[in-house]
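The values are calculated or read from the model by the stated rules, or taken from the named source; none is laboratory data. As the structure is a computational prediction, the values presented were derived from the model and not from experiment. Cβ sites come from the backbone with ideal geometry, for glycine too, and all protein chains shown count toward neighbours.
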Amino acid sequence: MERESARYGIVGVGMMGREHMINLAHLRSEGAIVTCVADPHPSSLQLALDLARSLDAPPLVVFSGHQQLLDSGLCDVVVVSSPNMTHFEILMDIINHQKPHHILVEKPLCTTVENCRKVINAAKQRPDIIVQVGLEYRYMPPVSKLINIVKSGTLGHIKMVAIREHRFPFLVKVDNWNRFNVNTGGTLVEKCCHFFDLMRLFAAANPVRVMASGSIDVNHKDEVYDGKVPDIIDNAYVIVEFDNGSRGMLDLCMFAEGSKNEQEISVVGDIGKGEAFVPESIVRVGLRSEGRTGVKTEIANDERIKYDGLHHGSSYLEHLNFLSVIKGEGIGAPAVSLIDGLLSVAMGVAAQLSIEKGHFVTIQEILED
């Protein structure tokens, strides 16, 4: 029996917007229906229409602008998957619209801490709206399993969190918007807010100061757009100190296609160590008392996932969770709050500034700025 429906509009139907369309199509039996989309690029709108037909989805209404979509009355939930630098204006328009629309906004929340704060303050005036930030790496089955292991106390008090992402370069996006810091917020905001969010979860603490070293060494150096060479870094090391004494470390390389895993996460407590590997979907746990021979390896699966997609099923689970929240099915608040979104951006901004200045940057100075 089909459940009560939730009507979705999607703002921005580039690669990630169309990925959301596919995930929501797999949630049709749960009541999710994509009724309309908005995008200023006719080619993207046509791809969305073609995709909707291929998914045997209900007829899709298309708009060139998000304001038209909001005024149409065709949706109750809006997914914001437009370029990073457009998030702030679009979010403020949705929040301030007289008709309430629940919001799932892709990461990063905004490209600056100041704009994140403005969104948070505006959302406080709209208790009738639920806003969730799309930090979906939390939902990847091996990562989710490791989060639960850490929360269970199996590893003891967490002291160190190390995250390695060795991957391919940034993909080509519409108008090449993701080639410049002014549009993305910088690589450590655009891409790595995911990992700073996970560090906070594993450490169960808030960041105090950040030290980073990074540069653009291999990718995009021979590209030119409107006379400008891309300035996004393609590799970095980042150290984060937390208010409970634990530390996090990010090792990012975006010219490492020759890697077995794209993400490797290590969490070490005073009792044991846990690891998660993506896309192998493996979790390893070992206790100090049992040594190397006692390390156990498990495959992490989630049988609820109906579509793996671009992020190993995490976007599907993110939508499943958010749908439960907006339908009031026993979950009172979004899994990833606006404060989570703000702090993940603040950590990325601090890391970008640390590279520029060559010294530790405190989170307090970033939040105060």
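Of the strands (runs of 3 or more DSSP E) lying entirely inside segment 1-93, those containing at least 3 residues that are in contact with a Cys (Cβ under 8 Å, 6 or more places away or on another chain) and over 16 Å from Leu104 (Cβ atoms) are 61-63.
Applying the condition of being acidic (Asp, Glu) and free of Cβ contacts under 8 Å to residues at least 40 places away in the same chain to segment 204-238 and asking which residue is surrounded by the most Cβ atoms within 10 Å (Cβ to Cβ) yields Asp217.
Look at segment 166-192: where a residue is within 14 Å of Gly348 (Cβ to Cβ) and a partner is charged (D, E, K, R), sitting 6+ places away or on another chain with Cβ atoms under 7 Å, you get Asn181/Asp231; Thr184/Glu190.
Let's see how each residue does on (1) at pLDDT 95 or above; (2) surrounded by 17 or more Cβ atoms within 10 Å (Cβ to Cβ); (3) on the phi > 0 side of the Ramachandran plot:
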| residue | (1), (2), (3) |
| --- | --- |
| Val240 | yes, yes, no |
| Ser246 | yes, yes, no |
| Asp251 | yes, no, no |
| Glu262 | yes, yes, no |
| Ile271 | yes, no, no |
| Val278 | yes, yes, no |
| Ser281 | yes, yes, yes |
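Of all the residues in segment 333-366, those that are surrounded by fewer than 16 Cβ atoms within 10 Å (Cβ to Cβ) and over 22 Å from Met140 (Cα atoms) number 8. For segment 152-194, the set of residues classified as modelled with pLDDT under 95 and assigned to a helix (DSSP H, G or I) consists of Val174, Asp175, Asn176, listed by residue number. The residues of segment 109-151 that are touching an Asp or Glu at 6+ places or on another chain (Cβ under 7 Å) and either without any contact (Cβ under 8 Å) to a residue 24 or more places away in the chain or part of a loop (DSSP other than H, G, I, E, B) (or both) amount to a single one, Leu135. Within segment 26-51, the set of residues being surrounded by 16 or more Cβ atoms within 10 Å (Cβ to Cβ), out of contact with any strand residue (DSSP E or B) (no Cβ under 7 Å at 6 or more places or on another chain) and without any contact (Cβ under 8 Å) to a residue 60 or more places away in the chain comprises Arg28, Asp39, Leu47, Leu51.
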